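Each reported figure results from applying straightforward, stated rules to the coordinates on display, with no laboratory input. Quick caveat: nothing in here was measured; it's all calculated off a predicted structure. So basically every Cβ, Gly included, is an ideal-geometry build from the backbone, and we count neighbours across all protein chains shown.
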Amino acid sequence: MRFATQCVHAGQTPDPSTGAVMTPVYFTSTFAQRAPGDHDGYEYARVHNPTRTALEGNLAALEGAAHGVAFASGVAATDAVLKGLSAGDHVVATNDLYGGTYRLFTQVYERFGLTFTFADLTDPANLEAALQANTKLVWLETPTNPLLRILDIARLADIAHAAGADVAVDNTFATPMLQQPLALGADLVVHSATKFIAGHSDVLLGLAVTSDVALRERLLAKRTLQGSIPGPFEAWLALRGLRTLAVRLDRAEQTAAELAPRLAERAELSRVRYPGLPTDPGRGLAAAQMGGFGAMISIEFAGGAAAAERFVESLGLITPATSLGGVETLAERRRRQPSEPLAVPESLVRLSIGIEHVEDLWADIEQALAAL
Ligand SMILES: *Cc1c(COP(=O)(O)O)cnc(C)c1O
């Protein structure tokens, strides 16, 4: 089955008891047993829920993975991966990453005896330099947030594996439609399904997928023990969102590809970051590693932070808000705390392109640029 077909069908079959085409929302905490311990794999909803199982099967198929494990949020999925490590272990992570991931690593896990090195992994030699005898995990995010830099997953995975470390990729920005990290050598893929996967800005949910049975068992055990499960309705919303991922992202990407070169011509902007632009430093690698360039664009203003602020305030149709990956276009001034490893330019605004008509988006951008 091709990707768009898998989006609609993978992990789901009509409900055996009624024939319902949509997977029902199983609002139940427990399941009847024929005799003590005699059941069909569903015993208690912290461990298993059929709506969640359908979602996990769908995303696993899309990522080309054997197993999916759903969590209450993207950071809960990341947290479960980190809980698989032990005090004394070392992690190398890209220095350009989601702020919540950075803070989870440094504010929580450093206190429990893990150590972290944040390195510029756009140059694989920097991974070689950062590895230690106790490095157990390499954490990648590509395209990065919010600088949209591209990391070479296959090269980095080879280097990490030679040193005995597992590789996890946060695939939130690309989605499995544009990038399948397991096929490039990664061991684990983590998603904030809150974003493109669910796609409608109406739910928080996370997923981890892997084809490694031991990793899956570890993730399931962590989830069961810490209770970081999504509710059945959240799982159902994400599953419903996934069914239209291919059409949504296709449209959003076409629009981003149309807007990025128009933005690049504007004198008000000093830089446009979009991996699909011919001048983008990540263009070659993105073209080789990804099936498309995505729907995220970061722009920097010649007039500095004040111009960025004014632009965002002047937008009408485009909503100023954090988050990304919904059907509506959002704009956000992404900033980093001074303690975070790689600074984000003060004048940067990140655009998450939705599925509105391209000319309506452009009209809004043009009038906001004219207001500068
Ligand atoms: C939003 C986001 C997360 C965190 O996900 P939540 O669902 O908000 O917990 C992790 N990584 C990236 C790249 C994100 O954009």
Cα-centre dipole for the chain with unit charges at Cβ (Lys and Arg positive, Asp and Glu negative), debye to 20:
520
Against the longest alpha carbon principal axis of the chain, how many degrees, from 0 to 90 and to the nearest 10, is the axis of helix 304-314 turned?
70
CD proxy at 222 nm, helix term only [per DSSP H run n ≥ 4: -39500 (n - 2.57); per residue of the chain; nearest 500]
-10500 deg cm²/dmol
Helix 358-370 vs. the chain, principal-axis angle (Cα, 0 to 90°, nearest 10):
50
Using a cut-off of 14 Å between alpha-carbon atoms, which aspartates and glutamates can reach LYS195, once sequence neighbours fewer than 8 places away in the same chain are excluded?
ASP170, GLU234, GLU328
Dipole of the range 1-148, Cα-centred, from +1 at each Lys and Arg C-beta and -1 at each Asp and Glu C-beta, to the nearest 20 debye?
320
Compute the semi-axes of the equivalent ellipsoid of the chain, taking the square root of 5 times each eigenvalue of the Cα gyration tensor, and list them largest first in whole Å.
34, 26, 18
For HIS357 and GLU313, compute 0.36 nm times the residue count separating them, minus their Cα-Cα distance, and round to one decimal in nm.
13.7 nm
Ordered by fewest other Cβ atoms within 10 Å, a rough proxy for footprinting exposure, LEU207, LEU249 read LEU249, LEU207
